[in-house]
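The values are calculated or read from the model by the stated rules, or taken from the named source; none is laboratory data. From a predicted model like this one, the values you see are computed outputs, not experimental measurements. Reconstructed Cβ throughout: ideal geometry from the backbone, glycine too, with neighbour counts over all protein chains shown. Just the protein is used for accessible areas: all its heavy atoms, side chains included, with ligands, DNA and RNA removed. Shrake-Rupley method; radii C 1.70, N 1.55, O 1.52, S 1.80 Å.
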Amino acid sequence: MKVDLLLGLQWGDEGKGKIVDVLTSEYDIIARFQGGPNAGHTLVFNGKKYVLHTIPSGIFHENKINIIGNGVVIDPVILQNEIHKIENEGVDIHKSLFISRKAHLILPTHRLLDAASEKSKGKNKIGSTLKGIGPTYMDKTGRNGFRIGDLESDEWKKKYYELTNKHQKLIDFYEVDLDYDLEKLHNEFFESVENLKKIKFIDSESFFMKSMANKSILAEGAQGSLLDIDFGTYPYVTSSNTTAAGACTGLGIAPNSVGDVFGIFKAYTTRVGSGPFPTELFDDYGSRMSKVGNEFGATTGRPRRCGWLDLVALKYACKINGVTKLMMMKTDVLTGFDKILVCTGYRYRGSIIHHLPFDLSDTSLEPIYSQFKGWSENLQKMNNVKQLPGNLNKYISFLEDELKIPIVIVSVGPDRKETIFR
Ligand code: GDP
Ligand code: IMO
Ligand code: MG
(Lines give C-alpha, C1' and ligand atoms only; values in the text may rest on other atoms or scores of the structure.)
(Ligands and ions follow the chains in the order given, each with its own letter.)
Protein backbone atom coordinates (compact mmCIF):
# COMPACT_ATOMS: atom_id res chain seq x y z
CA MET A 1 0.00 0.00 0.00
CA LYS A 2 1.13 3.56 -0.64
CA VAL A 3 2.26 5.77 2.24
CA ASP A 4 0.22 8.93 2.77
CA LEU A 5 1.99 12.05 4.02
CA LEU A 6 0.68 14.82 6.24
CA LEU A 7 2.63 18.09 6.21
CA GLY A 8 2.37 21.65 7.48
CA LEU A 9 2.37 24.18 4.63
CA GLN A 10 3.24 27.35 6.57
CA TRP A 11 5.64 28.10 9.43
CA GLY A 12 4.46 25.21 11.62
CA ASP A 13 1.69 24.88 14.22
CA GLU A 14 -0.95 24.45 11.53
CA GLY A 15 -2.74 21.77 13.56
CA LYS A 16 -0.92 18.66 12.33
CA GLY A 17 -1.29 16.86 15.66
CA LYS A 18 -5.06 17.30 15.69
CA ILE A 19 -5.51 15.99 12.15
CA VAL A 20 -3.14 13.02 12.54
CA ASP A 21 -5.18 12.04 15.58
CA VAL A 22 -8.41 12.44 13.57
CA LEU A 23 -7.07 10.35 10.65
CA THR A 24 -5.35 7.62 12.71
CA SER A 25 -8.43 5.38 12.74
CA GLU A 26 -7.94 4.92 8.97
CA TYR A 27 -4.29 3.74 9.28
CA ASP A 28 -2.32 0.87 10.84
CA ILE A 29 0.96 2.75 11.34
CA ILE A 30 1.76 6.41 12.09
CA ALA A 31 5.37 7.50 11.56
CA ARG A 32 7.18 10.77 12.37
CA PHE A 33 9.88 11.45 9.79
CA GLN A 34 11.85 14.54 10.82
CA GLY A 35 12.34 17.25 13.42
CA GLY A 36 12.46 16.53 17.11
CA PRO A 37 11.25 18.11 20.33
CA ASN A 38 11.16 21.51 18.63
CA ALA A 39 7.71 20.29 17.56
CA GLY A 40 4.65 20.63 19.74
CA HIS A 41 1.64 18.76 18.38
CA THR A 42 -1.57 19.34 20.29
CA LEU A 43 -4.39 16.81 20.56
CA VAL A 44 -7.70 17.55 22.27
CA PHE A 45 -10.29 14.88 23.05
CA ASN A 46 -12.60 13.86 25.91
CA GLY A 47 -12.11 17.30 27.41
CA LYS A 48 -8.34 16.87 27.77
CA LYS A 49 -5.38 18.40 25.97
CA TYR A 50 -2.12 16.58 25.20
CA VAL A 51 1.04 18.02 23.64
CA LEU A 52 3.38 15.60 21.87
CA HIS A 53 6.95 16.54 20.93
CA THR A 54 8.62 13.39 19.63
CA ILE A 55 5.96 10.71 19.74
CA PRO A 56 3.67 10.40 16.69
CA SER A 57 0.15 11.73 17.14
CA GLY A 58 -1.48 8.33 16.64
CA ILE A 59 -0.36 7.15 20.07
CA PHE A 60 -3.73 7.43 21.81
CA HIS A 61 -5.45 4.98 19.46
CA GLU A 62 -5.43 1.32 20.45
CA ASN A 63 -3.87 -1.32 18.22
CA LYS A 64 -1.89 1.16 16.11
CA ILE A 65 1.86 1.17 15.68
CA ASN A 66 3.70 4.50 16.09
CA ILE A 67 7.22 4.84 14.75
CA ILE A 68 9.85 7.48 15.33
CA GLY A 69 11.71 7.39 12.03
CA ASN A 70 15.42 7.71 11.22
CA GLY A 71 15.00 11.37 10.20
CA VAL A 72 13.91 12.40 13.71
CA VAL A 73 16.31 13.69 16.37
CA ILE A 74 15.50 12.43 19.85
CA ASP A 75 16.20 13.97 23.24
CA PRO A 76 15.82 11.06 25.66
CA VAL A 77 15.18 13.41 28.59
CA ILE A 78 12.22 15.03 26.83
CA LEU A 79 11.00 11.72 25.43
CA GLN A 80 11.03 10.19 28.91
CA ASN A 81 8.74 12.95 30.23
CA GLU A 82 6.47 12.55 27.25
CA ILE A 83 6.24 8.78 27.77
CA HIS A 84 5.53 9.25 31.44
CA LYS A 85 2.55 11.50 30.72
CA ILE A 86 1.15 9.13 28.10
CA GLU A 87 1.54 6.09 30.33
CA ASN A 88 -0.46 7.93 32.99
CA GLU A 89 -3.31 7.87 30.48
CA GLY A 90 -3.13 4.09 30.30
CA VAL A 91 -1.30 3.81 26.96
CA ASP A 92 1.02 0.77 26.76
CA ILE A 93 3.90 2.47 25.02
CA HIS A 94 5.97 -0.72 24.84
CA LYS A 95 3.39 -2.30 22.55
CA SER A 96 2.70 0.72 20.35
CA LEU A 97 5.92 2.72 19.99
CA PHE A 98 9.05 1.70 18.05
CA ILE A 99 12.15 3.79 17.38
CA SER A 100 14.46 3.65 14.38
CA ARG A 101 18.02 2.62 15.22
CA LYS A 102 19.17 5.23 12.70
CA ALA A 103 17.52 8.17 14.47
CA HIS A 104 20.05 10.57 16.01
CA LEU A 105 20.23 11.51 19.67
CA ILE A 106 20.22 15.04 21.01
CA LEU A 107 22.90 15.19 23.71
CA PRO A 108 22.75 17.80 26.49
CA THR A 109 25.73 19.55 24.90
CA HIS A 110 23.76 19.91 21.64
CA ARG A 111 21.24 21.95 23.63
CA LEU A 112 24.05 24.04 25.10
CA LEU A 113 25.53 24.59 21.65
CA ASP A 114 22.13 25.75 20.38
CA ALA A 115 21.94 28.24 23.27
CA ALA A 116 25.52 29.45 22.72
CA SER A 117 24.98 29.91 18.99
CA GLU A 118 21.76 31.83 19.53
CA LYS A 119 23.31 34.02 22.22
CA SER A 120 26.27 34.84 20.02
CA LYS A 121 23.98 35.97 17.20
CA GLY A 122 22.37 38.69 19.36
CA LYS A 123 19.46 40.38 17.61
CA ASN A 124 20.06 38.26 14.51
CA LYS A 125 19.25 35.06 16.37
CA ILE A 126 17.09 32.44 14.60
CA GLY A 127 14.74 32.33 17.57
CA SER A 128 15.25 28.57 17.79
CA THR A 129 13.37 26.47 20.32
CA LEU A 130 16.74 25.86 22.08
CA LYS A 131 16.18 22.12 21.93
CA GLY A 132 19.53 21.43 20.26
CA ILE A 133 18.01 20.71 16.84
CA GLY A 134 20.54 22.59 14.68
CA PRO A 135 23.68 21.22 16.37
CA THR A 136 22.32 17.64 16.31
CA TYR A 137 21.60 17.76 12.57
CA MET A 138 25.02 19.41 12.08
CA ASP A 139 26.65 16.41 13.75
CA LYS A 140 24.52 14.10 11.62
CA THR A 141 25.54 15.68 8.32
CA GLY A 142 29.08 16.20 9.60
CA ARG A 143 29.19 12.44 10.23
CA ASN A 144 29.85 12.79 13.93
CA GLY A 145 26.37 11.94 15.14
CA PHE A 146 25.29 9.65 17.94
CA ARG A 147 22.51 7.27 16.92
CA ILE A 148 19.92 5.24 18.80
CA GLY A 149 21.61 2.05 17.55
CA ASP A 150 24.87 3.16 19.20
CA LEU A 151 23.20 2.62 22.57
CA GLU A 152 23.23 -1.12 21.86
CA SER A 153 27.03 -1.13 22.00
CA ASP A 154 28.82 -1.63 25.34
CA GLU A 155 31.11 1.24 24.37
CA TRP A 156 28.42 3.88 23.99
CA LYS A 157 29.50 6.01 26.95
CA LYS A 158 32.97 6.33 25.47
CA LYS A 159 31.49 7.68 22.26
CA TYR A 160 29.20 9.94 24.28
CA TYR A 161 32.10 11.48 26.21
CA GLU A 162 34.22 11.91 23.08
CA LEU A 163 31.44 13.88 21.45
CA THR A 164 30.46 15.93 24.51
CA ASN A 165 34.13 16.81 25.18
CA LYS A 166 34.38 18.11 21.64
CA HIS A 167 31.17 20.06 22.12
CA GLN A 168 32.57 21.70 25.23
CA LYS A 169 35.44 23.14 23.21
CA LEU A 170 32.96 24.43 20.66
CA ILE A 171 30.84 26.02 23.39
CA ASP A 172 33.95 27.83 24.67
CA PHE A 173 34.62 29.06 21.15
CA TYR A 174 31.38 31.08 21.22
CA GLU A 175 32.66 33.11 24.20
CA VAL A 176 29.19 33.64 25.68
CA ASP A 177 28.02 33.34 29.25
CA LEU A 178 26.14 30.09 29.78
CA ASP A 179 25.18 28.79 33.14
CA TYR A 180 25.14 24.97 33.33
CA ASP A 181 26.09 22.01 35.45
CA LEU A 182 27.49 19.47 33.01
CA GLU A 183 27.74 16.67 35.54
CA LYS A 184 24.06 17.04 36.31
CA LEU A 185 23.20 17.08 32.61
CA HIS A 186 25.27 13.92 31.98
CA ASN A 187 23.52 12.09 34.80
CA GLU A 188 20.09 13.18 33.66
CA PHE A 189 20.95 11.91 30.17
CA PHE A 190 22.25 8.54 31.40
CA GLU A 191 19.18 8.01 33.52
CA SER A 192 16.82 8.77 30.65
CA VAL A 193 18.78 6.48 28.32
CA GLU A 194 18.03 3.57 30.65
CA ASN A 195 14.33 4.29 30.16
CA LEU A 196 14.78 4.80 26.42
CA LYS A 197 16.34 1.35 26.14
CA LYS A 198 13.07 -0.19 27.30
CA ILE A 199 11.46 0.92 24.02
CA LYS A 200 11.81 -1.37 21.03
CA PHE A 201 14.51 -0.26 18.58
CA ILE A 202 13.95 -1.36 14.98
CA ASP A 203 15.50 -1.14 11.52
CA SER A 204 12.59 1.03 10.50
CA GLU A 205 13.26 1.12 6.75
CA SER A 206 13.09 -2.70 6.61
CA PHE A 207 10.01 -2.58 8.81
CA PHE A 208 8.31 -0.22 6.35
CA MET A 209 9.34 -2.33 3.35
CA LYS A 210 7.59 -5.33 4.88
CA SER A 211 4.63 -3.38 6.25
CA MET A 212 3.85 -1.71 2.95
CA ALA A 213 2.66 -5.06 1.57
CA ASN A 214 -0.51 -5.03 3.63
CA LYS A 215 -0.51 -2.15 6.10
CA SER A 216 -1.62 1.44 5.69
CA ILE A 217 0.91 4.05 6.80
CA LEU A 218 0.52 7.76 7.54
CA ALA A 219 3.74 9.80 7.75
CA GLU A 220 3.51 12.78 10.13
CA GLY A 221 5.61 15.84 9.41
CA ALA A 222 6.79 18.40 11.92
CA GLN A 223 7.27 22.17 11.43
CA GLY A 224 6.10 23.51 8.06
CA SER A 225 7.29 23.98 4.50
CA LEU A 226 8.45 27.57 5.06
CA LEU A 227 10.79 26.28 7.77
CA ASP A 228 12.36 23.72 5.40
CA ILE A 229 16.17 23.86 5.40
CA ASP A 230 16.26 24.17 1.58
CA PHE A 231 12.98 25.81 0.62
CA GLY A 232 12.09 27.83 3.70
CA THR A 233 13.01 31.39 4.61
CA TYR A 234 16.70 30.56 5.12
CA PRO A 235 18.48 31.09 7.50
CA TYR A 236 15.35 31.51 9.61
CA VAL A 237 14.39 27.86 9.24
CA THR A 238 14.80 24.60 11.08
CA SER A 239 17.56 22.12 10.20
CA SER A 240 15.62 19.39 8.41
CA ASN A 241 13.60 18.88 5.23
CA THR A 242 10.07 19.44 6.41
CA THR A 243 8.73 18.92 2.89
CA ALA A 244 7.53 15.70 1.21
CA ALA A 245 11.06 14.70 0.20
CA GLY A 246 11.95 14.60 3.91
CA ALA A 247 9.43 11.80 4.41
CA CYS A 248 11.30 9.64 1.87
CA THR A 249 14.70 10.17 3.51
CA GLY A 250 13.30 10.31 7.03
CA LEU A 251 11.61 6.92 6.81
CA GLY A 252 13.30 5.13 3.92
CA ILE A 253 10.33 5.25 1.59
CA ALA A 254 10.77 5.45 -2.17
CA PRO A 255 9.10 8.42 -3.90
CA ASN A 256 6.87 6.11 -5.93
CA SER A 257 5.52 4.64 -2.69
CA VAL A 258 3.97 7.95 -1.70
CA GLY A 259 0.19 8.13 -2.03
CA ASP A 260 -1.82 11.12 -0.90
CA VAL A 261 -0.03 14.22 0.35
CA PHE A 262 -2.25 16.01 2.86
CA GLY A 263 -1.31 19.68 3.20
CA ILE A 264 -2.43 21.50 6.33
CA PHE A 265 -2.76 25.25 6.62
CA LYS A 266 -4.38 27.73 8.96
CA ALA A 267 -7.09 30.00 7.52
CA TYR A 268 -4.60 32.77 8.39
CA THR A 269 -0.84 32.58 9.10
CA THR A 270 1.34 32.38 12.21
CA ARG A 271 5.06 32.21 12.83
CA VAL A 272 7.18 31.78 16.01
CA GLY A 273 10.75 32.96 16.15
CA SER A 274 12.61 35.37 13.88
CA GLY A 275 12.48 35.77 10.13
CA PRO A 276 10.47 37.46 7.39
CA PHE A 277 6.67 37.30 7.41
CA PRO A 278 5.26 39.56 4.66
CA THR A 279 1.59 39.40 5.73
CA GLU A 280 2.29 39.90 9.45
CA LEU A 281 -0.23 42.14 11.22
CA PHE A 282 0.52 44.65 13.94
CA ASP A 283 -3.07 45.89 14.29
CA ASP A 284 -6.32 44.82 15.93
CA TYR A 285 -6.89 42.05 13.38
CA GLY A 286 -3.57 40.46 14.34
CA SER A 287 -4.26 40.84 18.07
CA ARG A 288 -7.65 39.23 17.58
CA MET A 289 -6.13 36.22 15.76
CA SER A 290 -3.60 35.86 18.55
CA LYS A 291 -6.21 36.08 21.30
CA VAL A 292 -9.03 34.01 19.79
CA GLY A 293 -6.59 31.48 18.29
CA ASN A 294 -4.66 31.31 21.57
CA GLU A 295 -1.51 31.65 19.50
CA PHE A 296 1.24 30.67 21.91
CA GLY A 297 3.90 28.07 21.06
CA ALA A 298 3.03 24.56 22.27
CA THR A 299 6.74 23.89 22.98
CA THR A 300 8.15 27.21 24.18
CA GLY A 301 5.04 29.18 25.15
CA ARG A 302 6.29 32.12 23.06
CA PRO A 303 3.59 34.30 21.44
CA ARG A 304 3.13 33.44 17.77
CA ARG A 305 3.21 36.31 15.30
CA CYS A 306 -0.05 36.47 13.31
CA GLY A 307 -1.04 37.67 9.84
CA TRP A 308 -3.30 37.13 6.83
CA LEU A 309 -3.14 34.05 4.65
CA ASP A 310 -0.34 34.24 2.09
CA LEU A 311 -1.58 32.47 -1.04
CA VAL A 312 1.69 32.99 -2.92
CA ALA A 313 3.55 31.10 -0.21
CA LEU A 314 0.80 28.50 0.07
CA LYS A 315 0.87 27.78 -3.68
CA TYR A 316 4.63 27.36 -3.48
CA ALA A 317 4.29 24.92 -0.58
CA CYS A 318 1.61 22.92 -2.43
CA LYS A 319 3.89 22.59 -5.48
CA ILE A 320 7.04 21.69 -3.53
CA ASN A 321 5.14 18.94 -1.71
CA GLY A 322 2.85 17.71 -4.47
CA VAL A 323 -0.15 18.24 -2.19
CA THR A 324 -3.20 16.22 -3.28
CA LYS A 325 -5.65 17.24 -0.53
CA LEU A 326 -5.85 20.34 1.62
CA MET A 327 -7.07 20.83 5.17
CA MET A 328 -7.93 24.27 6.46
CA MET A 329 -7.45 24.74 10.19
CA LYS A 330 -8.61 27.23 12.81
CA THR A 331 -11.36 28.53 10.55
CA ASP A 332 -13.42 29.34 13.65
CA VAL A 333 -10.82 31.90 14.72
CA LEU A 334 -11.85 34.17 11.83
CA THR A 335 -15.51 34.21 12.89
CA GLY A 336 -16.66 37.76 13.55
CA PHE A 337 -14.02 39.42 11.36
CA ASP A 338 -15.72 42.12 9.23
CA LYS A 339 -13.23 41.42 6.43
CA ILE A 340 -10.68 38.76 5.59
CA LEU A 341 -7.64 39.49 3.45
CA VAL A 342 -5.60 37.07 1.36
CA CYS A 343 -2.24 37.94 -0.16
CA THR A 344 -2.32 37.07 -3.87
CA GLY A 345 0.89 38.70 -5.05
CA TYR A 346 3.69 41.04 -4.01
CA ARG A 347 4.98 44.41 -5.11
CA TYR A 348 8.71 43.80 -5.39
CA ARG A 349 11.48 46.03 -6.66
CA GLY A 350 9.05 48.06 -8.79
CA SER A 351 7.06 45.18 -10.31
CA ILE A 352 4.23 42.84 -9.36
CA ILE A 353 5.23 39.22 -8.81
CA HIS A 354 3.32 36.03 -8.01
CA HIS A 355 6.16 33.87 -6.79
CA LEU A 356 8.38 33.78 -3.70
CA PRO A 357 11.49 35.85 -4.35
CA PHE A 358 14.92 34.63 -3.14
CA ASP A 359 14.83 36.86 -0.07
CA LEU A 360 11.46 37.42 1.58
CA SER A 361 13.00 39.97 3.93
CA ASP A 362 13.72 42.38 1.05
CA THR A 363 12.39 45.69 2.33
CA SER A 364 10.72 46.50 -0.99
CA LEU A 365 8.46 43.43 -0.70
CA GLU A 366 4.84 44.40 -0.06
CA PRO A 367 1.81 42.10 -0.15
CA ILE A 368 -1.11 42.72 -2.54
CA TYR A 369 -4.40 41.62 -1.04
CA SER A 370 -7.82 40.37 -2.18
CA GLN A 371 -10.59 41.12 0.28
CA PHE A 372 -13.46 38.85 1.41
CA LYS A 373 -16.51 39.43 3.59
CA GLY A 374 -16.43 37.70 6.97
CA TRP A 375 -19.14 35.65 8.70
CA SER A 376 -20.58 35.80 12.19
CA GLU A 377 -22.03 32.29 12.67
CA ASN A 378 -20.48 30.14 15.43
CA LEU A 379 -18.69 27.40 13.48
CA GLN A 380 -17.74 25.34 16.52
CA LYS A 381 -21.33 24.10 16.85
CA MET A 382 -21.40 22.91 13.22
CA ASN A 383 -20.69 19.35 12.12
CA ASN A 384 -21.91 19.29 8.54
CA VAL A 385 -20.57 21.00 5.45
CA LYS A 386 -24.10 22.18 4.56
CA GLN A 387 -24.13 24.37 7.68
CA LEU A 388 -21.08 26.42 6.67
CA PRO A 389 -21.89 30.13 6.13
CA GLY A 390 -22.07 31.44 2.56
CA ASN A 391 -19.21 33.89 3.02
CA LEU A 392 -16.95 31.12 4.32
CA ASN A 393 -17.89 28.97 1.33
CA LYS A 394 -16.88 31.86 -0.95
CA TYR A 395 -13.50 32.07 0.83
CA ILE A 396 -13.01 28.29 0.48
CA SER A 397 -14.04 28.27 -3.21
CA PHE A 398 -11.62 31.09 -3.97
CA LEU A 399 -8.74 29.20 -2.33
CA GLU A 400 -9.63 25.96 -4.13
CA ASP A 401 -9.84 27.75 -7.49
CA GLU A 402 -6.46 29.38 -6.94
CA LEU A 403 -4.71 26.30 -5.56
CA LYS A 404 -6.52 23.77 -7.77
CA ILE A 405 -6.56 21.28 -4.89
CA PRO A 406 -9.68 20.30 -2.93
CA ILE A 407 -10.03 21.40 0.70
CA VAL A 408 -11.29 18.16 2.23
CA ILE A 409 -11.34 19.18 5.89
CA VAL A 410 -12.44 22.43 7.51
CA SER A 411 -11.38 22.45 11.14
CA VAL A 412 -13.59 24.54 13.43
CA GLY A 413 -12.13 23.94 16.88
CA PRO A 414 -9.26 22.20 18.69
CA ASP A 415 -11.26 19.10 19.62
CA ARG A 416 -11.11 15.92 17.56
CA LYS A 417 -14.85 16.25 17.00
CA GLU A 418 -14.70 19.83 15.72
CA THR A 419 -13.82 18.67 12.23
CA ILE A 420 -15.96 19.07 9.13
CA PHE A 421 -15.29 16.75 6.18
CA ARG A 422 -16.07 18.06 2.69
P1 GDP B 1 0.91 21.45 15.17
O2 GDP B 1 2.28 21.76 15.65
O3 GDP B 1 0.76 21.63 13.70
O4 GDP B 1 0.39 20.12 15.62
O5 GDP B 1 -0.06 22.55 15.83
P6 GDP B 1 0.00 23.06 17.37
O7 GDP B 1 -0.57 22.01 18.24
O8 GDP B 1 1.34 23.58 17.71
O9 GDP B 1 -0.91 24.34 17.28
C10 GDP B 1 -2.23 24.28 16.87
C11 GDP B 1 -3.09 24.84 17.99
O12 GDP B 1 -4.38 25.11 17.50
C13 GDP B 1 -3.30 23.86 19.13
O14 GDP B 1 -3.49 24.57 20.32
C15 GDP B 1 -4.59 23.14 18.73
O16 GDP B 1 -5.28 22.61 19.85
C17 GDP B 1 -5.35 24.27 18.11
N18 GDP B 1 -6.27 23.91 17.02
C19 GDP B 1 -6.13 22.98 16.07
N20 GDP B 1 -7.14 23.05 15.18
C21 GDP B 1 -7.92 24.07 15.59
C22 GDP B 1 -9.11 24.66 15.08
O23 GDP B 1 -9.64 24.30 14.04
N24 GDP B 1 -9.61 25.73 15.78
C25 GDP B 1 -9.06 26.19 16.92
N26 GDP B 1 -9.62 27.22 17.53
N27 GDP B 1 -7.93 25.65 17.42
C28 GDP B 1 -7.37 24.61 16.76
P1 IMO C 1 5.55 22.12 14.93
O2 IMO C 1 5.87 20.72 14.51
C3 IMO C 1 6.57 26.35 14.77
C4 IMO C 1 10.82 27.35 14.50
C5 IMO C 1 11.46 28.05 15.68
C6 IMO C 1 12.51 28.86 14.97
C7 IMO C 1 12.98 27.93 13.86
C8 IMO C 1 14.22 27.13 14.19
O9 IMO C 1 4.93 22.21 16.27
O10 IMO C 1 4.78 22.82 13.87
P11 IMO C 1 14.72 25.05 15.77
O12 IMO C 1 14.49 24.85 17.22
O13 IMO C 1 14.01 24.06 14.90
O14 IMO C 1 16.17 25.16 15.40
O15 IMO C 1 14.08 26.50 15.44
O16 IMO C 1 11.90 27.03 13.64
N17 IMO C 1 10.13 26.08 14.82
C18 IMO C 1 8.80 25.94 14.84
N19 IMO C 1 7.82 26.84 14.69
N20 IMO C 1 6.26 25.05 14.94
C21 IMO C 1 7.23 24.13 15.07
O22 IMO C 1 6.99 22.81 15.10
C23 IMO C 1 8.58 24.56 15.07
N24 IMO C 1 9.77 23.95 15.19
C25 IMO C 1 10.71 24.89 15.02
O26 IMO C 1 10.52 28.86 16.36
O27 IMO C 1 11.94 29.99 14.36
MG1 MG D 1 3.24 22.99 17.07
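Compute the separation of the alpha-carbon centres of the range 322-369 and the range 52-89 and state it in Å as a whole number.
Rounded to whole Å, the Cα centres lie 34 Å apart.
Place a point 7 Å from Cα of residue 159 in the direction of its Cβ. Which residues in the range 94-109 have their backbone N less than 15 Å from it?
Label zone hits: 100-107.
DSSP beta bridges in the range 215-363, what fraction antiparallel, as a percent rounded to 5?
Bridges in the range 215-363 that DSSP calls antiparallel: roughly 55 percent.
Quick one: order 152, 191 from most to least accessible surface, probe 1.4 Å.
Ranking 152, 191 by accessible area, largest first, yields 191, 152.
Out of the total accessible area of the chain (probe 1.4 Å, heavy atoms of protein only), what percent is carbon and sulfur?
Answer for the chain is 50 percent, counting heavy atoms of protein chains only.
What do the square roots of 5 times the Cα gyration tensor eigenvalues come to for the range 311-361, in whole Å, largest first, as semi-axes of the equivalent ellipsoid?
24, 18, 8
Just to compare against my own numbers: the Cα pair-distance distribution for the range 60-219, 10 Å bins, whole % per bin, please.
Reading the bins upward from 0: 10, 36, 33, 17, 5, 0.
Taking H placed 1.01 Å from N in the peptide plane, check which residues at least 5 places from residue 10 or on another chain put their amide H under 5 Å from its amide H.
225, 226
Along Cα→Cβ, 7 Å out, is where each label goes; now give me the distance between the ones at residue 182 and residue 294 in nm to one decimal.
For the pair residue 182/residue 294, the computed spacing is 4.2 nm.
Along the range 292-299, what does the Karplus equation 6.51 cos²θ - 1.76 cosθ + 1.60 (θ = phi - 60°) give for ³J(HN,Hα), rounded to whole Hz, x for Gly and Pro?
5, x, 6, 7, 10, x, 6, 9
Starting from the Cα of residue 194, step 7 Å along the direction of its Cβ; do the same at residue 51; then give the gap between the two resulting points in nm.
Going from the residue 194 label point to the residue 51 one covers 2.9 nm.
Tell me the label-point distance for the pair residue 210, residue 370, using the 7 Å Cα-to-Cβ offset, in nm and rounded to one decimal.
Once both label points are built, they end up 5.0 nm from each other.
Per residue, how many Å² of accessible area does the range 9-92 show with a 1.4 Å probe?
30 Å²
Along each principal axis of its Cα atoms, how long is the chain end to end? Whole angstroms, biggest number first, please.
That works out to 64, 50, 40 Å along the principal axes.
For residue 260 and residue 386, FRET efficiency with R0 = 25 Å and r from the beta-carbon atoms, rounded to 0.05? Intermediate results must be reported in sequence, preceding the final value.
Working: r = 25 Å, r/R0 = 0.99.
It comes to 0.50.
Take every DSSP beta bridge whose two residues both sit in the chain, then give the antiparallel share in percent to the nearest 5. List each step's numbers first, then the result.
Values: 25 of 62 bridges.
Around 40 percent of the beta bridges assigned by DSSP in the chain are antiparallel ones.
Direction-averaged shadow area of the convex hull around the Cα atoms of the range 181-338, nm²?
13.0 nm²
Once Rh is set to the Kirkwood radius over Cα pairs, what Stokes-Einstein translational diffusion coefficient, in µm²/s, holds for the range 266-333 at a temperature of 20 °C and a viscosity of 1.002 mPa s?
167 µm²/s
Through the Karplus equation 6.51 cos²θ - 1.76 cosθ + 1.60, θ set to phi - 60°, convert the phi angles of the range 315-320 into ³J(HN,Hα) values in whole Hz; use x for Gly and Pro.
Using θ = phi - 60°, the values come out as 4, 4, 5, 4, 5, 4 Hz.
Please state the shape class of the range 150-257: rounded when a/c is under 1.5, otherwise prolate if a/b exceeds b/c and oblate if not, all from the C-alpha gyration tensor.
Oblate, since a/c reaches 1.5 and b/c is not below a/b.
With a 1.4 Å probe and all protein chains in place, put 291, 49 in order of accessible area, largest first.
Ranked from most to least accessible, the order is 291, 49.
How large is the helix-only mean residue ellipticity at 222 nm for the chain, computed as the sum of -39500 (n - 2.57) over DSSP H runs with n ≥ 4, divided by its residue count, in deg cm²/dmol to the nearest 500?
Calculated from helices alone, the mean residue ellipticity at 222 nm is -9500 deg cm²/dmol.
Can you work out the Karplus-derived ³J(HN,Hα) for every residue in the range 271-288? Use 6.51 cos²θ - 1.76 cosθ + 1.60 with θ = phi - 60°, whole Hz, and x for glycine or proline.
8, 10, x, 7, x, x, 7, x, 9, 4, 10, 10, 10, 5, 5, x, 5, 5
Report the antiparallel proportion of the DSSP beta bridges in the range 281-422 as a percent, rounded to a multiple of 5.
Percentage antiparallel, nearest 5: 75.
From the cross-link list 330/373; 339/404; 140/166; 64/85, which pairs have alpha carbons spaced over 22 Å apart? Spell out each step's value before the answer.
Numbers: 330/373 17 Å; 339/404 24 Å; 140/166 15 Å; 64/85 18 Å.
With Cα atoms farther than 22 Å apart: 339/404.
Return the long-range amide H neighbours of residue 3 (sequence gap of 5 or more, or a different chain), with a cut-off of under 5 Å between placed amide H atoms.
258, 259
Give or take rounding to whole Å, what are the principal axis extents of the alpha carbon atoms in the range 249-378, in descending order?
Principal extents (Cα only, largest first): 47, 41, 31 Å.
Where only protein heavy atoms count, and the probe is 1.4 Å, what is the accessible area per residue for the range 261-350 in Å²?
On a per-residue basis, the range 261-350 sits at 35 Å².
Can you spot the aspartates and glutamates whose alpha carbon is less than 14 Å from residue 197's alpha carbon? Ignore those fewer than 8 places along the same chain.
Result set, ordered by chain and number: 75, 150, 152, 154.
So how do 366, 175, 418 rank on accessible area, 1.4 Å probe, biggest first, that is with the largest at the start?
Output order, biggest surface exposure first: 175, 366, 418.
For the pairs 291/381; 95/198; 16/49; 291/325; 2/319, note any where the Cα-Cα span goes beyond 22 Å.
Exceeds cut-off: 291/325.
Which value, in Å² rounded to 10, gives the accessible area of residue 339 with a 1.4 Å probe and all protein chains present?
Rounded to the nearest 10, that gives 60 Å².
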